[in-house]
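Since the structure comes first, as structure tokens, the remarks are kept for the end.
The values are calculated or read from the model by the stated rules, or taken from the named source; none is laboratory data. None of the values given here were measured: they were computed from a predicted structure. As a convention, Cβ positions derive from the backbone with ideal geometry for all residues, glycine included, and neighbour counts pool all protein chains shown. In case anyone asks, the SASA skips ligands and DNA or RNA and just uses the protein heavy atoms, side chains included. Shrake-Rupley method; radii C 1.70, N 1.55, O 1.52, S 1.80 Å.
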Amino acid sequence: MPYRLLNLLLVIILAINAPAQTGQFRPQLHFSPTEHWMNDPNGMYYNNGVYHLFFQYYPGGTKWGPMHWGHATSKNLLNWKEEPIALYPDSLGYIFSGSAVVDKNNTSGFGKNGKTPIVAIFTHHDPVGEKEKRKDYQVQSLAYSLDDGMTWTKYAGNPVLKNPGIVDFRDPKVNWNKKISKWVMTLATKDRISFYSSPNLKDWTKLSEFGETLGAHGGVWECPDLFPLTHKGKEYWVLLVSINPGGPNGGSATQYFIGDFDGKNFIPADTTTRFMDYGTDNYAGVTINNTGDRVILIGWMSNWLYAESVPTVKWRSAMTLPRELGLKEVNGKPWLVSVPAKEVARLDKNDQPRGEEKALTKKNEALKWTMDKGDSGKPGWTLSEGDSLMRLHFDLPVNDFNVTLSNTKSKTVVGFDKESNRFYIDRTEGGIDNFYPGFAKRHWAPRISTNDRISVNLIVDVMSVEFFADGGLTVMTDIFFPVPAYTLATLSSAGLQQIQNLGTYRLIPTAAK
Ligand code: FRU
């Protein structure tokens, strides 16, 4: 090929692939760092009216690197303020995932002058040991803060839990267990979960193991969580386990078990494998500590298959919206449900509803509404002001439906296939997808509910859709990179005339980034 022609071709290819010139894809409602790499949420806790989100962070680039704990705070789970980096790597290694507790009774003894210590329990990952192919390079350590999470001191006695020779030995999630009046650590140990207990966060005793022969095992087990949920007066224990790879639609995903934790062992109620979210982009999610009766989860809205190569330039990765967890019964058995936390339906400043709910007036027509400025002139509603930010809910008798999010060039379709009784998100023509061969795909999720109506709740925010079906029994989260952002949402279904409770909300972006 003549040199000049080749050159021209290259320019055209580059122009198509130049996300820097075509928008940053930065979400407006979801937390994302202003710059650099982020993965798992860590050490989340609530105290004195403030939510603290720490996260796996590499301030030296937009790909995974030596891990720090980044930090952000929020009063309402939506408007996040980035704070200075909380934890830096040290002589014991990188700071991998973990949790934080509000040690009200000063069991750790870190408290001074009546100040409540916040204690972070995290994995130290020694890159030298890893290189030398040792087996014990991941250990559990502590850091504490006496100014409510703003500055941290590493414990001089680290590590507090040494490695018995297990290569993957990480991601401690610690909660206070009322039954045994001790702290319980839920730890990912390769292909199973190990439970430990401690009176003071410093001395740990092994309680038991769970899961070697149960659940999905397509990859390593990571980032677990264990917490009680009450349903119809009965207490159940839920164990979350992220796996990578081995997710139902490829790569990373989070499975869960329901059963009992008697203070020593986790006893599953059955042997069914269940997933908290069937989309490809909700990983390493855990709950926020110290939230009283509420159980609120935030996950990392990406997938290890392609997280490092998504077409964002300055920043990498966002968190999911906060989700409230509960239980619902289907055929006499409890299942986990997750729904957007109630804060999502509110304005940031005055606690007003986010946007207006509009009544459905024209039942016989295909419903169309625009997400950009101005009226489309078609039946429907103007939603947000060029922000590609919307919430939509409706319910209908069990029937095929699809909601298409689109611009003139690309689309993502969220829907239900009655014949196979499955929901889906199809991002085959979603936008930029050349950064990973398997990105352009349709993802499937089973319908778990047996209700004769399907309820749908969707939240779209520039580069993501979060899809909560049947009150959160089936959930899917997917990201996409359309250029320009989607401006239109279209709902169609054979059962259009029986749609009820249709609400479309114009969402108000959170504080400027
Ligand atoms: C999960 C994970 C954790 C680990 C961290 C490292 O995404 O692999 O198991 O602690 O990321 O950044």
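Under 24 Å from His52 (Cα atoms), modelled with pLDDT of 95 or more and either within 13 Å of the ligand (Cβ to nearest atom) or assigned to a loop (DSSP other than H, G, I, E, B) (or both) - does that describe any residue in the stretch 263-275? Checking the stretch 263-275: not a single residue is under 24 Å from His52 (Cα atoms), modelled with pLDDT of 95 or more and either within 13 Å of the ligand (Cβ to nearest atom) or assigned to a loop (DSSP other than H, G, I, E, B) (or both). In this structure, does Ser108 turn out to be under 19 Å from Asp225 (Cα atoms) and either within 16 Å of the ligand (Cβ to nearest atom) or not in a strand (DSSP E or B) (or both)? Criteria not met by Ser108. Among the candidates Leu473, Leu488, Leu458, the residue that is closer than 26 Å to Pro311 by Cα and within 17 Å of the chain's Cα centre (by Cα) is uniquely Leu458. If you go through the stretch 185-221 and keep only what is open to solvent by less than 10 Å² (accessible area, probe 1.4 Å) and of a type in the set (A, V, I, L, M, F, W, C), you end up with Met185, Leu187, Ala188, Ile193, Phe195, Leu201, Trp221.
Listed by first and then second residue, the pairs linking a residue in the stretch 63-89 that is more than 15 Å from Met38 (Cβ to Cβ) and open to solvent by 40 Å² or more (accessible area, probe 1.4 Å) to a residue that is outside any loop (DSSP other than H, G, I, E, B) and within 12 Å of the ligand (Cβ to nearest atom), with Cβ atoms under 8 Å apart and 6 or more places separating them unless they lie on different chains, are Tyr88/His68; Tyr88/Ile95; Pro89/His68; Pro89/Ile95. Of all positions in the stretch 283-305, none carries a residue that is open to solvent by less than 10 Å² (accessible area, probe 1.4 Å), more than 21 Å from Ala100 (Cα to Cα) and assigned to a strand (DSSP E or B). Put simply, of Pro245, Pro228, Pro224 the only residue that is within 16 Å of the ligand (Cβ to nearest atom) and open to solvent by 50 Å² or more (accessible area, probe 1.4 Å) is Pro245.
Selection of strands (runs of 3 or more DSSP E) fully inside the stretch 143-201 by the criterion of at least 1 residues being within 16 Å of the ligand (Cβ to nearest atom), free of Cβ contacts under 8 Å to residues at least 40 places away in the same chain and under 24 Å from Asn244 (Cβ atoms) returns 182-189, 192-198.
What tally of residues in the stretch 421-440 results from selecting those that are basic (Lys, Arg) and under 20 Å from the mean Cα position of the chain (by Cα)?
1
Filter the stretch 306-319 down to residues that are among the hydroxyl-bearing types (Ser, Thr, Tyr), part of a loop (DSSP other than H, G, I, E, B) and more than 13 Å from Tyr57 (Cβ to Cβ), then give me how many there are.
Taking the stretch 306-319 as the starting set, the residues that turn out to be among the hydroxyl-bearing types (Ser, Thr, Tyr) are 306, 309, 312, 317.
Checking the rest, the ones that are also part of a loop (DSSP other than H, G, I, E, B) come to 306, 312, 317.
With more than 13 Å from Tyr57 (Cβ to Cβ) added as a condition, the list becomes 306, 312.
Count: 2.
Within the stretch 223-240, the set of residues being more than 19 Å from Ser197 (Cα to Cα) and either small (Gly, Ala, Ser) or part of a strand (DSSP E or B) (or both) comprises Leu229, Thr230, His231, Gly233, Lys234, Glu235, Tyr236.
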